[in-house]
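Peer 1: One structure coming up, written as structure tokens, with questions to follow.
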Amino acid sequence: MDDLTTLEVVIGRYEKKIQAAREEIAKRQGPSLEEMITTGRRSSPEEAVQAECRAIAARHPYMELQVNHSFEAAHRLPGHTGKCKRLHGHSYRVRVMLKGLVREDGMVIDFGHVKDVLDQLDHQYLNDFMYRPTAENTAKWLLERIPLAVAVHVWEGLGGGSVVARV
Ligand SMILES: [Zn+2]
């Protein structure tokens, strides 16, 4: 089961429990689930949902992770007036910020999945992967492909500037 499927299952459990409680409440023609929550008058189905949601949340806390990695790649920026118009290479450093629920296996995501995406660019000519491979476009390319990523920070070598792309 991949990471996103697992998250959908976790979220689906909440939705199923809440839907089941809603159906039970509707059968009894009493106050709705929302009314029970806002008035504080709780019945057993609603309390069961709350307890289940708390238990799931305790088992699957929401966490922020950071993965640092580097790769070597060549690029050129056609039309650029500076020296970056010529073919050259960088030792790229990348920091990926991810957010998600901790799964049953104790991980939010296997770091290997993140590195697999970063490794796609390792020892490559970045112009084969994107139009004008600036640091900004490289960060955007990675952000679009790494599951659960919320920000990607890219450094071109040690001395240059860096960019951060966020969703
Ligand atoms: Zn460059």
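Peer 1: Take the residues in segment 108-138 that are in contact (Cβ under 8 Å) with a residue 40 or more places away in the chain and among the aliphatic types (A, V, I, L, M); name whichever of them is nearest to the ligand (Cβ to nearest atom).
Peer 2: It comes out as L126.
Peer 1: So, one more: Go through (1) among the small types (G, A, S); (2) buried (at least 16 other Cβ atoms within 10 Å of the Cβ); (3) within 16 Å of the ligand (Cβ to nearest atom) and name the single condition A149 misses.
Peer 2: Unmet condition: (3).
Peer 1: Determine whether L121 is buried (at least 18 other Cβ atoms within 10 Å of the Cβ), of a type in the set (A, V, I, L, M, F, W, C) and in the same structural domain as V150 (by TED's automatic domain parsing).
Peer 2: When the stated conditions are applied, L121 passes them.
Peer 1: Oh, and also: Across segment 73-88, which residue is surrounded by the most Cβ atoms within 10 Å (Cβ to Cβ) among those that are outside any loop (DSSP other than H, G, I, E, B) and near the ligand (Cβ under 8 Å from one of its atoms)?
Peer 2: H75
Peer 1: Which one is farthest from the chain's Cα centre (by Cα), of the residues in segment 152-167 that are surrounded by fewer than 16 Cβ atoms within 10 Å (Cβ to Cβ) and either away from the ligand (no atom under 16 Å from the Cβ) or not in a loop (DSSP other than H, G, I, E, B) (or both)?
Peer 2: Per the stated criteria, the residue is S162.
The values are calculated or read from the model by the stated rules, or taken from the named source; none is laboratory data. Just so we're clear, the structure is a prediction, and the values are computed from it rather than from any experiment. Cβ: placed from backbone, ideal geometry, glycine included. Neighbour counts: every protein chain shown.
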